[in-house]
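The values are calculated or read from the model by the stated rules, or taken from the named source; none is laboratory data. Remember, predicted model here, so these are calculated numbers, not experimental data. Every residue, glycine as well, gets a Cβ built from its backbone with ideal geometry; the counts of neighbours run over all protein chains shown. In case anyone asks, the SASA skips ligands and DNA or RNA and just uses the protein heavy atoms, side chains included. Shrake-Rupley method; radii C 1.70, N 1.55, O 1.52, S 1.80 Å.
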Amino acid sequence: MRIVRPMLLALVASAVLSYNVHAQAPPPILQEPQTIPLWQGRAPGAQGDAPEDIPTLTIYMPPSTAGPMTAVIVAPGGGYRALSMNKEGRIPANYFNSLGVAAFVLKYRLGPKYHHPIELGDMQRAIRTVRSRAAEWHIAPDRIGIMGFSAGGHLSATASTQFDRGNASAADPIDRVSSRPDFAILGYPVITLTEPWTHQGSKTNLLGENADAALVRSMSMETRVTKETPPTFLFHTNADTAVPVENSIHYFLALRQAGVQAEMHVFKDGPHGVGMPMNDAALAEWPKVLANWMQASGFLR
(Lines give C-alpha, C1' and ligand atoms only; values in the text may rest on other atoms or scores of the structure.)
Protein backbone atom coordinates (compact mmCIF):
# COMPACT_ATOMS: atom_id res chain seq x y z
CA MET A 1 0.00 0.00 0.00
CA ARG A 2 2.94 2.28 0.71
CA ILE A 3 4.16 1.73 -2.89
CA VAL A 4 0.84 1.71 -4.71
CA ARG A 5 -0.55 4.89 -3.17
CA PRO A 6 2.32 7.22 -4.25
CA MET A 7 2.17 5.73 -7.75
CA LEU A 8 -1.59 6.29 -7.86
CA LEU A 9 -1.19 9.89 -6.69
CA ALA A 10 1.48 10.49 -9.35
CA LEU A 11 -0.77 9.09 -12.07
CA VAL A 12 -3.69 11.27 -10.95
CA ALA A 13 -1.46 14.38 -10.85
CA SER A 14 -0.13 13.61 -14.32
CA ALA A 15 -3.65 13.17 -15.69
CA VAL A 16 -4.79 16.45 -14.13
CA LEU A 17 -1.75 18.29 -15.54
CA SER A 18 -2.35 16.81 -18.99
CA TYR A 19 -6.02 17.80 -18.84
CA ASN A 20 -5.15 21.35 -17.81
CA VAL A 21 -2.58 21.74 -20.59
CA HIS A 22 -5.04 20.57 -23.25
CA ALA A 23 -7.92 22.50 -21.71
CA GLN A 24 -5.94 25.74 -21.91
CA ALA A 25 -5.00 25.36 -25.60
CA PRO A 26 -7.44 27.50 -27.62
CA PRO A 27 -9.11 25.76 -30.56
CA PRO A 28 -7.97 26.79 -34.06
CA ILE A 29 -10.00 29.62 -35.62
CA LEU A 30 -11.26 30.12 -39.19
CA GLN A 31 -9.89 26.87 -40.57
CA GLU A 32 -11.84 27.27 -43.80
CA PRO A 33 -11.11 30.31 -46.02
CA GLN A 34 -13.56 33.10 -45.33
CA THR A 35 -14.15 36.18 -47.48
CA ILE A 36 -15.26 39.45 -45.91
CA PRO A 37 -15.98 42.89 -47.43
CA LEU A 38 -13.65 45.70 -46.40
CA TRP A 39 -16.55 48.05 -45.74
CA GLN A 40 -20.07 47.47 -44.53
CA GLY A 41 -22.28 48.96 -47.20
CA ARG A 42 -20.77 50.64 -50.23
CA ALA A 43 -17.03 51.21 -50.28
CA PRO A 44 -15.89 54.85 -50.65
CA GLY A 45 -15.98 55.84 -54.31
CA ALA A 46 -17.91 52.72 -55.38
CA GLN A 47 -19.62 53.06 -58.75
CA GLY A 48 -22.05 50.21 -58.22
CA ASP A 49 -22.77 47.02 -56.31
CA ALA A 50 -21.28 44.44 -58.68
CA PRO A 51 -18.49 42.14 -57.43
CA GLU A 52 -15.84 44.37 -59.03
CA ASP A 53 -17.13 47.28 -56.93
CA ILE A 54 -16.69 45.44 -53.62
CA PRO A 55 -13.13 45.10 -52.26
CA THR A 56 -12.70 42.04 -50.04
CA LEU A 57 -10.25 40.08 -47.91
CA THR A 58 -10.10 36.29 -48.00
CA ILE A 59 -8.74 34.91 -44.74
CA TYR A 60 -6.41 31.88 -44.72
CA MET A 61 -5.38 30.66 -41.27
CA PRO A 62 -2.65 28.12 -40.44
CA PRO A 63 -3.55 24.89 -38.61
CA SER A 64 -2.33 26.37 -35.30
CA THR A 65 -3.71 29.82 -34.50
CA ALA A 66 -2.62 30.07 -30.86
CA GLY A 67 -0.83 33.32 -31.67
CA PRO A 68 0.18 35.99 -31.57
CA MET A 69 0.79 35.27 -35.26
CA THR A 70 2.51 37.23 -37.99
CA ALA A 71 0.07 38.24 -40.75
CA VAL A 72 0.64 39.01 -44.43
CA ILE A 73 -1.85 40.78 -46.72
CA VAL A 74 -1.32 39.54 -50.29
CA ALA A 75 -2.07 41.75 -53.31
CA PRO A 76 -2.15 39.72 -56.55
CA GLY A 77 -0.96 41.27 -59.78
CA GLY A 78 -2.67 41.71 -63.12
CA GLY A 79 -1.67 45.10 -64.48
CA TYR A 80 -4.30 46.94 -62.38
CA ARG A 81 -6.89 45.42 -64.75
CA ALA A 82 -7.19 41.82 -63.52
CA LEU A 83 -6.16 39.78 -60.47
CA SER A 84 -4.17 36.53 -60.48
CA MET A 85 -6.04 35.26 -57.44
CA ASN A 86 -4.71 31.68 -57.55
CA LYS A 87 -1.03 31.88 -58.55
CA GLU A 88 -0.43 35.18 -56.75
CA GLY A 89 -3.09 34.88 -54.06
CA ARG A 90 -4.14 31.48 -52.78
CA ILE A 91 -0.81 29.72 -53.38
CA PRO A 92 1.26 32.33 -51.47
CA ALA A 93 -1.38 32.29 -48.71
CA ASN A 94 -1.01 28.52 -48.38
CA TYR A 95 2.76 28.89 -48.22
CA PHE A 96 2.52 31.44 -45.43
CA ASN A 97 0.15 29.12 -43.58
CA SER A 98 2.85 26.42 -43.74
CA LEU A 99 5.12 28.86 -41.86
CA GLY A 100 2.46 29.47 -39.20
CA VAL A 101 1.59 32.88 -40.68
CA ALA A 102 -1.97 34.13 -41.16
CA ALA A 103 -2.62 35.28 -44.74
CA PHE A 104 -5.22 37.65 -46.16
CA VAL A 105 -5.71 37.84 -49.93
CA LEU A 106 -6.89 41.27 -51.05
CA LYS A 107 -9.32 41.76 -53.91
CA TYR A 108 -8.86 45.44 -54.70
CA ARG A 109 -10.72 47.53 -57.26
CA LEU A 110 -9.28 47.85 -60.75
CA GLY A 111 -8.91 50.10 -63.76
CA PRO A 112 -10.06 51.33 -66.11
CA LYS A 113 -13.19 51.66 -63.95
CA TYR A 114 -11.23 52.76 -60.88
CA HIS A 115 -8.12 54.92 -60.70
CA HIS A 116 -5.78 56.09 -57.95
CA PRO A 117 -6.34 56.64 -55.03
CA ILE A 118 -9.07 53.95 -54.90
CA GLU A 119 -6.60 51.06 -55.05
CA LEU A 120 -4.40 52.54 -52.32
CA GLY A 121 -7.50 53.16 -50.19
CA ASP A 122 -8.44 49.48 -50.49
CA MET A 123 -4.97 48.35 -49.39
CA GLN A 124 -4.87 50.81 -46.50
CA ARG A 125 -8.30 49.64 -45.37
CA ALA A 126 -7.08 46.04 -45.47
CA ILE A 127 -4.10 46.87 -43.25
CA ARG A 128 -6.28 48.78 -40.81
CA THR A 129 -8.85 45.96 -40.74
CA VAL A 130 -6.31 43.29 -39.86
CA ARG A 131 -4.66 45.51 -37.24
CA SER A 132 -7.96 46.56 -35.67
CA ARG A 133 -9.04 42.91 -35.36
CA ALA A 134 -5.63 41.59 -34.31
CA ALA A 135 -6.79 40.35 -30.91
CA GLU A 136 -9.82 38.60 -32.40
CA TRP A 137 -7.70 36.90 -35.07
CA HIS A 138 -4.75 36.10 -32.73
CA ILE A 139 -2.38 38.38 -34.68
CA ALA A 140 0.54 40.45 -33.42
CA PRO A 141 -0.42 44.04 -34.34
CA ASP A 142 3.26 44.94 -34.85
CA ARG A 143 3.94 42.05 -37.28
CA ILE A 144 1.50 42.84 -40.09
CA GLY A 145 3.16 42.78 -43.50
CA ILE A 146 2.07 43.19 -47.09
CA MET A 147 3.06 41.25 -50.20
CA GLY A 148 2.44 42.19 -53.80
CA PHE A 149 3.23 40.77 -57.21
CA SER A 150 3.72 42.91 -60.34
CA ALA A 151 1.04 45.64 -60.21
CA GLY A 152 0.19 44.32 -56.73
CA GLY A 153 3.85 44.96 -55.95
CA HIS A 154 3.39 48.56 -57.03
CA LEU A 155 0.34 48.80 -54.78
CA SER A 156 2.31 47.31 -51.88
CA ALA A 157 5.20 49.72 -52.49
CA THR A 158 2.67 52.57 -52.58
CA ALA A 159 1.23 51.48 -49.23
CA SER A 160 4.79 51.22 -47.88
CA THR A 161 5.56 54.82 -48.75
CA GLN A 162 2.15 56.50 -48.33
CA PHE A 163 0.52 55.74 -44.97
CA ASP A 164 -0.78 57.44 -41.85
CA ARG A 165 -1.10 56.71 -38.16
CA GLY A 166 -4.89 56.67 -38.18
CA ASN A 167 -7.52 59.20 -37.12
CA ALA A 168 -8.08 58.95 -33.38
CA SER A 169 -11.38 60.82 -33.61
CA ALA A 170 -12.83 58.77 -36.50
CA ALA A 171 -16.34 57.38 -36.01
CA ASP A 172 -15.27 54.07 -37.57
CA PRO A 173 -12.89 52.30 -35.16
CA ILE A 174 -11.04 50.73 -38.10
CA ASP A 175 -10.03 54.22 -39.27
CA ARG A 176 -8.44 54.94 -35.90
CA VAL A 177 -5.51 52.56 -36.41
CA SER A 178 -2.33 52.92 -38.45
CA SER A 179 -2.15 51.92 -42.12
CA ARG A 180 1.64 51.50 -42.00
CA PRO A 181 2.74 47.93 -42.80
CA ASP A 182 5.47 46.49 -40.59
CA PHE A 183 7.25 44.90 -43.56
CA ALA A 184 6.82 44.46 -47.30
CA ILE A 185 7.49 41.66 -49.77
CA LEU A 186 7.61 42.62 -53.45
CA GLY A 187 7.63 40.03 -56.22
CA TYR A 188 8.72 41.38 -59.65
CA PRO A 189 7.03 44.70 -58.78
CA VAL A 190 6.11 47.57 -61.03
CA ILE A 191 7.92 50.48 -59.34
CA THR A 192 8.50 53.38 -61.67
CA LEU A 193 5.91 55.07 -63.87
CA THR A 194 8.34 57.55 -65.45
CA GLU A 195 11.31 55.51 -66.70
CA PRO A 196 11.49 53.53 -69.97
CA TRP A 197 11.25 50.25 -68.06
CA THR A 198 7.84 50.92 -66.58
CA HIS A 199 4.86 48.70 -67.37
CA GLN A 200 2.72 51.01 -69.48
CA GLY A 201 -0.47 48.98 -69.04
CA SER A 202 -0.31 49.27 -65.25
CA LYS A 203 0.38 52.99 -65.51
CA THR A 204 -2.62 53.61 -67.79
CA ASN A 205 -5.02 51.42 -65.82
CA LEU A 206 -4.03 53.05 -62.53
CA LEU A 207 -3.88 56.71 -63.60
CA GLY A 208 -5.85 56.84 -66.84
CA GLU A 209 -4.80 58.20 -70.21
CA ASN A 210 -2.70 61.38 -70.31
CA ALA A 211 -2.19 61.56 -66.54
CA ASP A 212 -0.64 64.74 -65.13
CA ALA A 213 3.16 64.53 -65.08
CA ALA A 214 3.38 65.48 -61.40
CA LEU A 215 0.94 62.69 -60.49
CA VAL A 216 2.92 60.18 -62.57
CA ARG A 217 6.12 61.10 -60.76
CA SER A 218 4.45 60.96 -57.36
CA MET A 219 3.29 57.43 -58.15
CA SER A 220 6.80 56.30 -59.07
CA MET A 221 7.73 54.58 -55.85
CA GLU A 222 11.50 54.97 -56.13
CA THR A 223 10.87 58.69 -55.51
CA ARG A 224 8.75 58.16 -52.35
CA VAL A 225 11.03 56.08 -50.11
CA THR A 226 11.92 57.57 -46.70
CA LYS A 227 13.49 56.25 -43.52
CA GLU A 228 9.93 55.41 -42.38
CA THR A 229 9.44 52.93 -45.22
CA PRO A 230 9.20 49.44 -43.65
CA PRO A 231 11.81 46.69 -44.14
CA THR A 232 11.43 45.20 -47.61
CA PHE A 233 12.25 41.95 -49.42
CA LEU A 234 12.41 41.98 -53.23
CA PHE A 235 12.40 39.11 -55.73
CA HIS A 236 12.80 39.41 -59.50
CA THR A 237 14.20 37.50 -62.47
CA ASN A 238 16.73 38.90 -64.91
CA ALA A 239 14.75 37.39 -67.79
CA ASP A 240 11.57 39.37 -67.01
CA THR A 241 10.76 41.42 -70.11
CA ALA A 242 7.27 42.61 -69.06
CA VAL A 243 8.46 44.35 -65.89
CA PRO A 244 12.25 44.61 -66.18
CA VAL A 245 14.43 44.02 -63.15
CA GLU A 246 15.44 47.70 -63.15
CA ASN A 247 12.21 48.31 -61.24
CA SER A 248 13.37 46.28 -58.24
CA ILE A 249 16.97 47.51 -58.51
CA HIS A 250 16.00 51.18 -58.35
CA TYR A 251 13.64 50.59 -55.44
CA PHE A 252 16.35 48.65 -53.58
CA LEU A 253 18.82 51.48 -54.14
CA ALA A 254 16.27 54.00 -52.82
CA LEU A 255 15.72 51.86 -49.72
CA ARG A 256 19.46 51.55 -49.21
CA GLN A 257 19.96 55.30 -49.54
CA ALA A 258 17.22 55.92 -46.97
CA GLY A 259 18.77 53.45 -44.53
CA VAL A 260 15.85 51.01 -44.72
CA GLN A 261 16.57 47.33 -44.09
CA ALA A 262 16.21 45.57 -47.45
CA GLU A 263 17.14 42.34 -49.19
CA MET A 264 16.91 41.60 -52.93
CA HIS A 265 17.27 38.37 -54.89
CA VAL A 266 17.55 38.38 -58.68
CA PHE A 267 17.33 34.96 -60.36
CA LYS A 268 18.78 34.34 -63.79
CA ASP A 269 15.79 32.72 -65.52
CA GLY A 270 12.02 32.88 -65.26
CA PRO A 271 9.34 34.85 -67.06
CA HIS A 272 7.15 37.54 -65.55
CA GLY A 273 4.35 36.28 -63.34
CA VAL A 274 6.00 33.13 -61.98
CA GLY A 275 4.41 33.43 -58.54
CA MET A 276 5.79 30.84 -56.10
CA PRO A 277 6.75 27.97 -58.46
CA MET A 278 7.62 25.24 -55.95
CA ASN A 279 8.11 22.72 -58.78
CA ASP A 280 10.90 24.79 -60.38
CA ALA A 281 14.27 23.63 -59.08
CA ALA A 282 15.81 27.12 -59.22
CA LEU A 283 12.91 29.47 -58.50
CA ALA A 284 11.56 27.29 -55.67
CA GLU A 285 14.44 28.71 -53.64
CA TRP A 286 12.98 32.20 -53.43
CA PRO A 287 10.16 31.35 -51.00
CA LYS A 288 12.77 29.64 -48.83
CA VAL A 289 15.08 32.65 -48.73
CA LEU A 290 12.01 34.80 -48.03
CA ALA A 291 11.27 32.65 -44.97
CA ASN A 292 14.90 33.00 -43.91
CA TRP A 293 14.66 36.79 -44.22
CA MET A 294 11.44 36.88 -42.22
CA GLN A 295 13.04 34.73 -39.51
CA ALA A 296 16.23 36.82 -39.37
CA SER A 297 14.21 40.04 -39.31
CA GLY A 298 12.07 38.94 -36.37
CA PHE A 299 8.81 38.53 -38.34
CA LEU A 300 8.56 34.78 -37.73
CA ARG A 301 8.18 33.63 -34.13
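Selection over segment 254-285 of residues that are closer than 14 Å to Ile91 by Cα and either open to solvent by 60 Å² or more (accessible area, probe 1.4 Å) or assigned to a helix (DSSP H, G or I) (or both) gives a count of 2. Screening Lys113 with (1) in contact (Cβ under 8 Å) with a residue 12 or more places away in the chain; (2) farther than 27 Å from Val243 by Cα; (3) out of contact with any strand residue (DSSP E or B) (no Cβ under 7 Å at 6 or more places or on another chain) gives one miss only, at (2). Cβ-Cβ contacts under 6 Å between residues 6 or more apart (or on different chains), taken from a first residue in segment 286-297 that is at negative phi to a second residue that is open to solvent by less than 90 Å² (accessible area, probe 1.4 Å) and at pLDDT below 95, are listed as Met294/Leu300.
Ala135 meets all of the listed conditions (1) open to solvent by less than 10 Å² (accessible area, probe 1.4 Å); (2) in a loop (DSSP other than H, G, I, E, B) but one, namely (1).
Scoring Gly148 on the criteria (1) surrounded by fewer than 23 Cβ atoms within 10 Å (Cβ to Cβ); (2) within 29 Å of Ala66 (Cα to Cα) leaves a single failure, condition (1).
Looking across Ala126, Ala93, Ala43, one residue alone is among the small types (Gly, Ala, Ser) and within 16 Å of Ile29 (Cβ to Cβ). It is Ala93. Scan segment 229-253 residue by residue and report those that are among the aliphatic types (A, V, I, L, M) and outside any helix (DSSP H, G or I). Within segment 229-253, Leu234, Ala239, Ala242, Val243, Val245 meet the criteria. Residue count for segment 161-206 satisfying the condition of being farther than 28 Å from Val243 by Cβ, touching a Gly at 6+ places or on another chain (Cβ under 7 Å) and either open to solvent by less than 30 Å² (accessible area, probe 1.4 Å) or in a loop (DSSP other than H, G, I, E, B) (or both): 2. Among the numbered conditions (1) farther than 28 Å from Ile144 by Cβ; (2) open to solvent by less than 70 Å² (accessible area, probe 1.4 Å); (3) not in a helix (DSSP H, G or I), tell me where Asn210 comes up short. Answer for Asn210: the failing condition is (2).
Pairs needed: first member in segment 148-168, on the phi > 0 side of the Ramachandran plot; second member anywhere, in a helix (DSSP H, G or I); C-beta distance under 8 Å; at least 6 residues apart or different chains. Pairs found: Ser150/Glu88; Ser150/Ser202; Gly166/Arg128; Gly166/Asp175; Gly166/Arg176. Of the residues making up segment 61-101, those that are surrounded by fewer than 24 Cβ atoms within 10 Å (Cβ to Cβ), outside any helix (DSSP H, G or I) and hydroxyl-bearing (Ser, Thr, Tyr) number 3. Scan segment 215-234 residue by residue and report those that are within 20 Å of Tyr114 (Cα to Cα) and open to solvent by 70 Å² or more (accessible area, probe 1.4 Å). Listed by number, the list holds a single entry, Arg217. For segment 36-60, a tally of residues being open to solvent by less than 40 Å² (accessible area, probe 1.4 Å), of a type outside the set (Val, Ile, Thr) and under 20 Å from the mean Cα position of the chain (by Cα) returns 4.
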